[in-house]
Every structure is written in structure tokens, then in C-alpha cells.
Amino acid sequence: MANQRIIIVDEDETWRKNLKTMLGKLGYLVVGDASDGTGALKQIRTRLPDLLICQDNLPGLSGLELAQILYEDKLGPVILTTDYMQQELVEKAKDARVFAIMLKPIDESHLLPAVELALGNYQEIIKLEKQVSELRDTLETRKLVEKAKGILMKSMRITEEEAFKRIQKQSMNKRISMRAVAEAVILAYNINQV
């Protein structure tokens, strides 16, 4: 919780000040506030908050549009605030990847769980996306190494184990990844086939 940076976006300046006070009491740092979506986006890109709490219907970019941008650009989670709850808003919020919707006025006892869940779930999503990316990279590397082994086995008439050892040895000798060696083998083979 400590040192979590938040930006608040709402047309009502008094409400922003009250929310800033509540967040401060809970140990959060409000690093910016805005009354419209366009101004908020500028602050978000320069101040890089950990969380955005914004009104649903803002001038300029709406809260939902901001949430979609933050999700796509991996800038942080969004808690949407609204004066009235409708099923249509909930559906649009899900599509925009909003982490929570809070009905105004916000009760301080409901604020902490919403903020903590949004921050925690966002970090978990980022972690999982990184793991998926690493697994894809590992799988692609394995495919390339397998293809390179096949090329070496065919062109040099060696066993699979010998082909793997040659790729591994080149990787260590040249201090480059096995993927880079495999890509070089495949490229050289393709050039020779022309």
C-alpha cells in the first residue's frame, strides 16, 4: 500500500479534494487530479500513477475511454466512479477493463478494499502476461532449435544429440543465445538453398 501513486479525475473539485483527503488518510499519495479526460491523460503519461480513480462521464475523453487506453498501454488499473449504477455501465466497464465501479458518494470503508484489490489484481495480471510472454519466447526458441538440429542432422549426417551439442557449443563459444545460433543455422541453410 505504501507509496502507491494515484490520480483522481472528476468534474467536481470539492469531491476531488475530499477523495484526496480520504486516500491520504489511507496512506496513498495523490500525484495529480483533473476535471476532464484529456487533461487526465496528459498527467497519466507524465506522472505514471499506479492507479486512476475517475468519473464515468467526463468532458473530453470519458472515464471508459481512459480505462481502455490505460489497459491497452499497460499504464495501470482504473476505478470508475458514478452517480448512478446501471447494467449498461457495468457491461461497458467490463469491456473497457475497469477494475471496479464505486457509487458516489464513496464510503471510506469501501475505498480501501477497492483500491487494494485493483492494485493487487493489476499486478497479478502484469505478472501473468510476463509469464505468458516468456513461455511463448521459450516455445519459439525450442521450435527454432529443433529446426536447426534437423538441418544440421540432414546436411552433416549427424545424430540429434550431436546437432544439439554443436548448437550449444557455438552458443557458449560465441556468447550468444541458442536461439541466435539456431536462427543463424536456418538462415545459412536458406541462403544455400537459393
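Inspection of region 106-113 identifies no residue that is exposed (fewer than 14 other Cβ atoms within 10 Å of the Cβ), of a type in the set (Val, Ile, Thr) and not in a helix (DSSP H, G or I).
If you go through region 131-149 and keep only what is free of Cβ contacts under 8 Å to residues at least 24 places away in the same chain and polar (S, T, N, Q), you end up with Gln131, Ser133, Thr138.
Checking each residue in region 60-105 for being small (Gly, Ala, Ser) and surrounded by 18 or more Cβ atoms within 10 Å (Cβ to Cβ) picks out Ser62, Gly63, Ala67, Gly76, Ala93, Ala96, Ala100. If you take the residues of region 139-154 that are aliphatic (A, V, I, L, M) and closer than 12 Å to Ile186 by Cβ, which of them is surrounded by the most Cβ atoms within 10 Å (Cβ to Cβ)? Applying the filter and picking the extreme gives Ala148.
Scanning region 166-176 for residues that are surrounded by fewer than 13 Cβ atoms within 10 Å (Cβ to Cβ) and assigned to a helix (DSSP H, G or I) yields Lys169, Met172, Asn173, Lys174. Quick one: would you say Ala148 is modelled with pLDDT of 95 or more, among the small types (Gly, Ala, Ser), closer than 22 Å to Arg47 by Cβ and assigned to a helix (DSSP H, G or I)? Considered against the rule, which asks whether it is modelled with pLDDT of 95 or more, among the small types (Gly, Ala, Ser), closer than 22 Å to Arg47 by Cβ and assigned to a helix (DSSP H, G or I), Ala148 comes out as no. Scanning region 69-93 for residues that are out of contact with any Gly (no Cβ under 6 Å at 6 or more places or on another chain), assigned to a helix (DSSP H, G or I) and closer than 19 Å to Leu128 by Cα turns up Tyr71, Glu72.
Return yes when Arg179 is surrounded by fewer than 17 Cβ atoms within 10 Å (Cβ to Cβ) and assigned to a helix (DSSP H, G or I) and no when it is not. So Arg179 fails the test. The residues of region 108-130 that are closer than 13 Å to Gln4 by Cβ and free of Cβ contacts under 8 Å to residues at least 24 places away in the same chain, listed by number, are Leu117, Gly120, Gln123.
In region 124-138, of all residues being aliphatic (A, V, I, L, M) and under 10 Å from the mean Cα position of the chain (by Cα), the one that is surrounded by the most Cβ atoms within 10 Å (Cβ to Cβ) corresponds to Ile125.
The values are calculated or read from the model by the stated rules, or taken from the named source; none is laboratory data. These numbers come from a predicted model, not from an experiment. With ideal geometry, Cβ positions are generated from the backbone for all residues, glycine too; neighbour counts draw on all protein chains shown.
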